[in-house]
Amino acid sequence: MKKFLLKLIDLFAKRFWYNYMFESERHFGMNHNYNTQTLKRFDNPIYLENFGFKVFSQNDEDGIIEEIFKRINTSNKSFIEFGVQNGLESNAHFLIHKGWRGLWIEGDKKMSRSIEQIFNKPIKENRLRVINKFITRENIDSIIKDQMQFLCENGEIDLLSIDIDGNDYHVWNAIKCISPRVVVIEYNAKFPPNFEWVMEYNSKHIWKYNDKHGASLKSLENLGKILNYQLVGTNICGTNAFFVRNDLVQNHFCTIATSENLYNPWRTMKLFQNGHPCNEYIGK
């Protein structure tokens, strides 16, 4: 009974908080229908927004990733993530704390050196490998192939996380040598959920902090279908989309698996905070 009451209080508190925040969005030109749609999802535990929390991820991705694997389980607790900067605020940092092993690929030399210093312990223990390479659709598959022995035996990893602020769509489409159970990929939430848009491929693209990056959620949904993945949700901040391989979906996720139903707009004022800032690896 006590556990039920605590859960009920948490649900009402979360609902009140989001009502307050969404009300403020009217002053920023956002579509009120998106807010109403998102609030309705909190009444249904099938939607992933209910489970988001931040430990080391940029926003609420840590909680959503944890919930997805509660529903589908893991195979070998392995990951590949690229576009991690110094690794401290990334989708796999918390996974390393939980005993996962994997590969980080970072194009910036300075950032790669920082990772090697900050994450010296898991690197020495062969739980984490860091590669300093600028990713393109031409080289990504061969980079991963070279690490297959470290990552997995059968080509299946648990998590692939893509955040390179540009060619994300094209790079995901170019990966053939592995079969991730879950894919997390950034989407360009500037575009409404029924609109298809993909940034033109440019192997030398570097994000200039403008709206020329990535792809709309609808375009990623359609690419996921081609690659045998179902869109299962987006995070409340409107930055990342979550996909699960079709053979694992079963009845674990929302059956209306469309961008129109699962879209969240870009909500810059909803940054998640959790404790003091992180500036070193504190895991075992």
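It is to be established whether one or more residues within segment 258-280 are among the small types (G, A, S), within 22 Å of N194 (Cβ to Cβ), touching a strand residue (DSSP E or B) at 6+ places or on another chain (Cβ under 6 Å) and modelled with pLDDT of 95 or more. The answer is no; no qualifying residue exists. Selection of strands (runs of 3 or more DSSP E) fully inside segment 99-168 by the criterion of at least 3 residues being buried (at least 21 other Cβ atoms within 10 Å of the Cβ) returns 101-106, 159-162.
Here is a yes/no grid of residues against (1) of a type outside the set (D, E); (2) outside any loop (DSSP other than H, G, I, E, B); (3) over 28 Å from F134 (Cα atoms); (4) at pLDDT 95 or above:
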{"residue": "D43", "(1), (2), (3), (4)": "no, no, yes, no"}
{"residue": "N50", "(1), (2), (3), (4)": "yes, yes, yes, no"}
{"residue": "F53", "(1), (2), (3), (4)": "yes, no, yes, no"}
{"residue": "G63", "(1), (2), (3), (4)": "yes, yes, yes, yes"}
{"residue": "F79", "(1), (2), (3), (4)": "yes, yes, no, yes"}
{"residue": "N86", "(1), (2), (3), (4)": "yes, no, no, yes"}
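If you check D163, D158, D108, which single one turns out to be touching a strand residue (DSSP E or B) at 6+ places or on another chain (Cβ under 6 Å) and over 16 Å from K77 (Cα atoms)? It is D163. Residue count for segment 197-212 under the criterion of being modelled with pLDDT of 95 or more and either buried (at least 22 other Cβ atoms within 10 Å of the Cβ) or of a type in the set (A, V, I, L, M, F, W, C) (or both): the result is 3. Annotation note: Cβ proximity below 6 Å between a residue of segment 213-226 that is free of Cβ contacts under 8 Å to residues at least 12 places away in the same chain and surrounded by fewer than 20 Cβ atoms within 10 Å (Cβ to Cβ) and a residue that is of a type in the set (D, E) and in a helix (DSSP H, G or I) (sequence gap 6+ or interchain) occurs for no pair. Taking the criterion of being small (G, A, S) and out of contact with any Cys (no Cβ under 8 Å at 6 or more places or on another chain), the residues of segment 76-111 that qualify are G83, G87, S90, A92, G99, G102, G107.
Filtered by the rule that a residue be aromatic (F, W, Y) and either buried (at least 16 other Cβ atoms within 10 Å of the Cβ) or within 17 Å of F82 (Cβ to Cβ) (or both), segment 174-196 gives Y187, F191.
The values are calculated or read from the model by the stated rules, or taken from the named source; none is laboratory data. For clarity, every value in this text was computed on a predicted model and none was experimentally measured. We place every Cβ from the backbone using ideal geometry, glycine too, and count neighbours over all the protein chains shown.
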